[in-house]
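One structure is given here, and the rest of the page talks about it.
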Amino acid sequence: ASAVALPHPEKVGAGHPKAVNRKAEGWGGEDAYFCTAAEDGTFALGVADGVYMWKEQGIDSGLFSRSLMTYARQAVIEGERDPVKVLRKADDGNERDGLKGSSTACVVLIDTVQGQLKSANVGDSGFLVIGRAQFGDQLAMKYHSPQQEHSFGCPYQLGHYDGADSPEDAMLMTVPVAAGDVVVLGSDGLWDNLSDEQVLEEVRASLAACEGASATAHRLAAAAFRHSLDRHSQTPYSLGASEAFDMVYSG
């Protein structure tokens, strides 16, 4: 397993720190992630995307999302195996610390013994499961978690303010997984810019080149970044915006 956080260059230029990518935890901009493996065969992943607009009130949501993932990872290490309770313990930790801001969050727990993935998703982060097709060796998409939004561009989010969503509002999913499946977890920075088919193409290319998880993660991040800079690209976000606002939108 591997992960990569790639902040927008404008945020780095505005004084935000560059990305920190470690095996267990990392962050870039307002995005943060964690991954950890437990002795009982459970593998856990999480991603959180802090809401940038809090900056206008002098609040750094990057601190909120990073702390959320740190507490989530700790909950898994301490034995929690319910993804909603993992998010609850993380959210409670942020509240105890008095952290302000808000963030989407997705936590995935994979039971490698039972072959089962459980997840809790708040907002528009999410995951994609890729595996072998039922007939043949071709890789295919097996499952993509749905986004959770109040309206277009207004995802569910955990936060310090009245009216914020709670871990108990999370969308819960249980998905069978098998050896050799690929689980891609990402914030809207990935899903807004790459379609499922484009993610699948990058994963296929990475596996064909015998690349490891780190190279695959970097390949996906680079592809999403390229599409985000292309003002003429038809992306999942532009298609959604065109439908939501009844207009032609690109980029």
request  = Could you sort 109-115, 221-227, 188-194 so that the peptide with the highest average Cβ count within 10 Å comes first and the rest follow in order?
outcome  = 188-194, 221-227, 109-115
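List the GluC sites (Glu not before Pro) within the range 119-220 that DSSP assigns to loop and that have no more than 15 neighbouring Cβ atoms inside 10 Å. Please list the in-between numbers first.
Working: sites: 149, 168, 197, 201, 202, 211; in loops: 211.
Taking the range 119-220 and a limit of 15 other Cβ atoms within 10 Å, the loop GluC sites (Glu not before Pro) found are 211.
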request  = Could you list, in their original order, any pairs among 18/142; 85/118; 118/142 whose Cα atoms are separated by more than 23 Å?
outcome  = 18/142
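Using just the alpha carbons, could you tell me how many Å³ per residue the convex hull of the range 9-187 encloses?
Numbers: hull volume 23.0 nm³, N = 179.
It is 129 Å³ per residue.
Taken together, the values in this text are just the output of simple stated rules run on the coordinates, not laboratory data. Being a predicted model, the structure only gives us computed values, none of them experimental. So basically every Cβ, Gly included, is an ideal-geometry build from the backbone, and we count neighbours across all protein chains shown.
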